[in-house]
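> Supplied in structure tokens, the structure appears directly below.
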Amino acid sequence: MASTVVDASGTEKSTATPTGTQTEQDAVFAVRHLWKVFGPKAEKVPEDASLAELSAQELREKTGCTAAVRDVSFDVKKGEVFVVMGLSGSGKSTLVRCLTRLIEPTSGDLEMDGEDVRGMDRSGLRELRRHRAAMVFQHFGLLPHRSVLDNVAYGLEIQGVGKAERRARAMETVEKVGLGGLEQRKPGQLSGGQQQRVGLARALTVDPEILLFDEPFSALDPLIRRDMQEEVIRLHKEEGRTMVFITHDLAEALLLGDRIALMRDGKIVQLGTPEEIVGSPADEYVRDFVRDVPREQVLTVRRAMRPAESGEADEGAALTPDTLISDAIEAVARSGGAARVVENGRCLGIVDHACLLNVVARLDEEAPDDGKAAA
Ligand SMILES: Nc1ncnc2c1ncn2[C@@H]1O[C@H](COP(=O)(O)OP(=O)(O)O)[C@@H](O)[C@H]1O
Ligand SMILES: [Mg+2]
């Protein structure tokens, strides 16, 4: 089943439902009914309905198995930042490692660019991990006795690229991530933030089709962390590189994600844009999770607007549909009257003080769904 959704940038997109079987044409990764079960006779769990539906605790008691990833389906679209968020132990690391088979999935289908990853032989997997999907880890994984430049060039070295070329390419990414001048230092002579920039540069140097991040910034101080988040946003804007970004931090997920998959006990409980997750939580768990998010900084006027009454469509300040509520409140306060939401010269609706504040105060939550905001 396909439906039209509106993402945080206000662009309309056609998306398959997360549990659907139809693969997006522009999918880099297509994941269907993926399971990873740890423990004895793990392969029995997904195929036995009486086991597959047990809670994590029941399954552990009955079989000694842990289902770290349970029947997960999604597409990572070309050019998007796909965030996987969830509390510690919810299965995020297992899921991202399954994508390149650093962890072998128990069952399900996994494609990259239409190619069957589960069917790849060793050389196919080597190619996948060295050239196509590069991973950035929380603990950097740097080689302590090598210089920054040689650490950054390491991925190319494994590929067998000659010294002169790999150093030249490494030098480019060293500059790109803001480490220019530090290329001869050893990792131990760098701050945590700088070390993570080296990790990021190393992943970028192989020019992968997709970057995979497993909580890369969790160990960093808040300010440095913010810096690194900005760096990721900048790289994404400038290069449009596809990214899968794992985090347990909701603010980070909302900041970076084009779409967010929220995991709980190995399952995806909701998959949607930040606006969908915050504005239309799928269940009580998600609602609790996003309770403290400042809604006006995530939701847009699309959610707040009401139909125009006679005459209103022609006057007043004009806002684009992806204007944040917080910016709209400012615009309405400044102009002293209602504002129009305009797209392609057409007035979609009106926002005034009352309907904007209703969203901030969550009075919109009980409103009937218009079918567009749901994930
Ligand atoms: N090698 C393993 N053997 C057994 N259980 C594991 C293994 N790796 C992870 N798990 C379990 O799988 C679940 C998900 O772990 P993980 O993917 O690391 O979660 P997250 O990255 O979200 O913190 C946890 O319950 C964890 O204890
Ligand atoms: Mg983890």
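Values quoted throughout were computed directly from the atomic coordinates according to the rules given, and no laboratory measurement underlies them. Note that the structure is a prediction, hence the values are computed from the model and not measured. Neighbour counts are summed over all protein chains in view; Cβ atoms, including those assigned to glycine, are modelled from backbone coordinates with ideal geometry.
> Quote the convex hull volume per residue of the range 296-360, based on C-alpha atoms, as a whole number of Å³.
Spread over its residues, the Cα hull of the range 296-360 gives 66 Å³ apiece.
> If you don't mind, another one. If I model a spin label at residue 357 and residue 26 as a point 7 Å from the Cα along the Cα→Cβ vector, what separation in nanometres do I get?
4.0 nm
> Which entries in the list 163/186; 92/176; 77/176; 237/267; 92/186; 36/62 go over 22 Å, if you measure between the two C-alpha atoms of each?
Numbers: 163/186 19 Å; 92/176 29 Å; 77/176 25 Å; 237/267 30 Å; 92/186 31 Å; 36/62 17 Å.
Over 22 Å Cα-Cα: 92/176; 77/176; 237/267; 92/186.
> A further question on this structure: Return the percentage of antiparallel bridges among DSSP beta bridges fully within the range 262-360, rounded to the nearest 5 %.
On the way: 10 of 13 bridges.
DSSP beta bridges in the range 262-360 are roughly 75 percent antiparallel.
> Let me ask something else. Can you sort 289, 38 from fewest to most other Cβ atoms within 10 Å of each residue's own Cβ? Display every interim value, and only then the final one.
Details: 289 22, 38 15.
Lowest count first: 38, 289.
> Moving on. Which listed residue (82, 319, 355) has the Cα farthest towards the positive end of the charge dipole for the chain, taking +1 on Lys and Arg C-beta and -1 on Asp and Glu C-beta about the Cα centre?
The Cα lying farthest towards the positive end belongs to 82.
> Grab the DSSP H runs of the chain that are 4 residues or longer, score each as -39,500 (n - 2.57), total them, divide by all residues and round the 222 nm result to the nearest 500 deg cm²/dmol. All intermediate terms of the calculation are to be shown ahead of the outcome.
Details: 16 runs with 129 residues, N = 375.
Only helices count here, giving -9500 deg cm²/dmol.
> Are there DSSP H segments in the chain that both extend 18 Å or more along their axis (alpha-carbon positions) and score a mean Kyte-Doolittle hydropathy of at least -1.0? List them, or say none. All intermediate terms of the calculation are to be shown ahead of the outcome.
Numbers: long enough: 163-176 (19 Å, -1.50); 192-205 (20 Å, -0.43); 222-239 (25 Å, -1.14).
Helix filter hits for the chain: 192-205.
> Moving on. Please report the antiparallel percentage of DSSP beta bridges with both residues in the chain, rounded to the nearest 5.
Once the DSSP bridges in the chain are tallied, antiparallel ones form about 60 percent.
> Mind checking the dipole of the chain: about its Cα centre, +1 per Lys or Arg Cβ, -1 per Asp or Glu Cβ, Debye to the nearest 20?
Values: 48 positive and 62 negative charges, 348 e Å.
Roughly 1680 debye for the chain.
> With each label point set 7 Å from Cα along the Cα-Cβ vector, what nm distance links residue 326 and residue 344?
Spacing of the two 7 Å Cα→Cβ label points: 3.1 nm.
> Given H placed 1.01 Å from N in the peptide plane, which residues other than close sequence neighbours of residue 69 have an amide H under 5 Å from its amide H?
Here 36 satisfy the definition.
> Evaluate the charge dipole of the range 23-171 about its Cα centre and quote only its size in Debye, nearest 20, assuming +1 on the Cβ of each Lys and Arg and -1 on the Cβ of each Asp and Glu. Mind showing how you got there, number by number?
Values: 23 positive and 22 negative charges, 167 e Å.
Roughly 800 debye, rounded to the nearest 20.
> Build a GNM of the chain with springs between Cα atoms under 10 Å: which of 293, 152, 117 gets the top mean-square fluctuation?
293
> Continuing with the same structure: Got a sec? How would 210, 325, 103, 277 order by Cβ neighbour count within 10 Å, fewest to most?
Values: 210 21, 325 24, 103 17, 277 30.
Least crowded to most crowded, the residues run 103, 210, 325, 277.
> Assuming R0 = 35 Å, what is the FRET efficiency of residue 48 and residue 288, from their Cβ-Cβ distance, to the nearest 0.05?
Values: r = 32 Å, r/R0 = 0.90.
With a Förster radius of 35 Å, E is 0.65.
> Considering just Cα atoms, how many Å³ per residue does the convex hull of the chain enclose? It would help to have the intermediate numbers written out before the result.
Details: hull volume 62.1 nm³, N = 375.
In the chain, the Cα convex hull volume per residue is 165 Å³.
> Spelling out what I want: for every residue of the range 262-267, take phi, set θ = phi - 60°, compute 6.51 cos²θ - 1.76 cosθ + 1.60 (Karplus), and round to whole Hz; glycine and proline get x.
Residue by residue, the range 262-267 yields 9, 9, 8, 6, x, 9 Hz.
> Hey, another quick one. Mind checking which of 68, 219, 49 has the largest fluctuation in a GNM of the chain, springs on alpha carbons under 10 Å?
49
> Arrange 355, 347, 98 by Cβ neighbour counts within 10 Å, fewest through most, would you?
Values: 355 21, 347 17, 98 25.
In increasing order of surrounding Cβ atoms, one gets 347, 355, 98.
> Could you tell me the calculated FRET efficiency between residue 365 and residue 116, based on Cβ-Cβ distance and R0 = 56 angstrom, to the nearest 0.05?
Details: r = 43 Å, r/R0 = 0.76.
Working from the Cβ atoms, E equals 0.85.
> A follow-up question, please. Suppose R0 equals 22 Å; then what is the FRET efficiency for residue 137 and residue 87 from their Cβ-Cβ distance, rounded to the nearest 0.05? Could the numbers behind the result be given before it?
On the way: r = 19 Å, r/R0 = 0.88.
Between residue 137 and residue 87 the formula returns 0.70.
> At a threshold of 8 angstrom on Cα-Cα distance, excluding pairs fewer than six apart, so keeping six or more, what relative contact order does the chain reach in percent?
18 percent
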